[in-house]
1. Test of the criteria: in region 1-67, which GluC sites (Glu not before Pro) are in a DSSP loop and have at most 13 other Cβ atoms within 10 angstrom of their Cβ?
2. Given H placed 1.01 Å from N in the peptide plane, which residues other than close sequence neighbours of Tyr6 have an amide H under 5 Å from its amide H?
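All of the numbers you see were taken from the coordinates with simple rules; none came from a lab. In this text, all values refer to a predicted model and were calculated from it rather than measured experimentally. Cβ placement follows ideal geometry from the backbone for every residue including glycine, while neighbour counts extend to all protein chains displayed.
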Amino acid sequence: MSIRPYILDASVAVKWFFPSEEDHEKSLKVLDLIAEEASQFVLHDFFFIEFSAVVLRKSLFDSKFTKDALGKSRRVTKSRATVTIENIKVQEV
């Protein structure tokens, strides 16, 4: 039996950088899980595009903050596989 990976959504990663966000604490628990079991998480093709766009907007277009957040998120997720349509197996229900 193979273990299905979790797909990390950009909205969860964005919350790591905004403590006032609803569910910030839950997002930090996901970050802890990534640290413990990184091989269980994958990223979709547009993860960093979505992440950057939302962080830039939420930071009121603070490009330095956005660049720092992007760098940190890339370090956390650097060894994660990218999810593409070619490597997703669809299970019929």
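1. Passing both the DSSP loop test and the Cβ count: Glu22, Glu37.
2. Phe41, Val42
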